Each structure stands twice: as C-alpha cells, then as structure tokens.
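One structure is given below, encoded as structure tokens.
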Amino acid sequence: MTNTQAFAWAAGLFEGEGTISFGVSPQLRLTMTDEEVVRRFAETIGEGGICEIPAQQHNWRHAWCWYKAGRRVEEIVGKLWPFLGERRRTQIMDVLRRYDVYLADQCIKRTRTCEACGEVFLSGYNKHAARWCRACWRSGRNRRS
Ligand SMILES: [Zn+2]
C-alpha cells in the first residue's frame with residue numbers, strides 16, 4: 001500500500017468512526033471494537049495514543065480508542081483532508097477555527113507591557129513574572145527601579 005492509499009484508507013475509517021471535538025484544544029478520536037484496525041490506523045497516522053474502553057454492559061464488546069489532542073491535530077487532519085467528505089471538513093474547520101479564536105484570546109489576555117522597560121511581552125502563567133518582561137525580571141532591573 002502506498003502512503004496515499006494508506007491515508008485514503010485511514011480517512012475512510014475516520015469518516016465513518018472518528019470524532020473531532022474541542023475542549024481546550026482540538027481532539028481526534030477513533031473508537032472501534034476491532035483492536036487490530038485501531039492499531040493499524042494509529043500506525044498509519046504515525047502518532048497518538050491507544051486506550052482500551054471496557055464494555056459498559058456485560059453483553060457489549062469492549063472497544064479500543066485511538067486519540068490525539070493538541071496542535072498536531074491540524075497536521076494530522078491535513079493528511080486525511082483530500083479524502084474526507086464535505087460534512088467532516090466543515091466539522092474540522094469549525095473546531096480549528098474555535099481553536100484559533102481560543103489561542104488568539106489567550107494571547108490578548110497574556111499580553112503585558114513591562115513596567116521597567118515598556119516592552120510589550122507575552123506573560124507566562126507565573127503571576128510574579130506578569131509585570132516585567134523576562135529580560136528585566138532576570139536582570140533584576142525591576143527591583144532597581
Ligand atoms: Zn522589561
């Protein structure tokens with residue numbers, strides 16, 4: 001099987017059995033009762049984790065789930081993209097757009113002006129570092145002024 005054929009196969013599978021959702025980042029999932037197929041899918045994609053989902057009722061079969069979340073999702077769906085249908089594409093675009101908005105929002109919230117040198121910088125999540133840029137914080141300039 002060529003690479004193109006492999007991705008076409010994976011895309012077909014994802015089209016039918018996959019999901020894309022958005023929490024704090026985009027997440028792809030493929031859940032099936034056939035472990036071998038899920039493993040082959042993971043191998044084709046080349047990344048992501050696999051987990052086992054125990055049967056919820058005794059007469060159900062337990063399932064296997066491939067998943068991947070975060071920034072890499074964009075690249076993975078890029079590979080599957082040519083083989084996906086319109087409905088899936090719309091759904092994916094929607095999730096990625098929400099992610100872009102989320103990231104932009106984080107940037108706006110984290111943008112600060114350094115109280116020592118006036119540089120605009122992206123603060124980390126450390127509250128103490130939020131008033132001064134990294135250079136001023138390191139050099140101790142904030143404590144002299
Ligand atoms: Zn500074």
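Before moving on, here are some points about what is shown:
- Region 1-115: relative contact order as a whole-number percent, Cα under 8 Å and 6+ apart: 29
- Taking a ≥ b ≥ c as the square roots of the eigenvalues of the Cα gyration tensor, an a/c ratio of 1.5 or more together with a/b larger than b/c marks region 29-86 as prolate.
- Annotation: amide H of E119 within the under-5 Å range of C114, sequence separation 5 or more or interchain, hydrogens built in the peptide plane.
- Order of I20, I53 - criterion: other Cβ atoms within 10 Å of each residue's Cβ, fewest first: I53, I20
- Cα extents of the chain along the three principal axes, largest first (Å): 68, 37, 25
- Here F83, F41, F121 are placed in order of increasing Cβ neighbour count within 10 Å, fewest first, which gives F83, F121, F41.
- Computed about its Cα centre, the charge dipole of region 33-102 is approximately 240 debye, with only Lys, Arg, Asp and Glu carrying charge at their Cβ.
- S139, S123, S21 arranged by Cβ crowding within 10 Å, fewest neighbours leading: S21, S139, S123
Laboratory data are not the source of any read-out in this text; all were calculated from the coordinates shown. What you see is a predicted model, and the numbers here were worked out from it, not measured in a lab. A quick note on method: Cβ atoms are made from the backbone with ideal geometry, for glycine too, and the neighbour counts reach across all protein chains shown.
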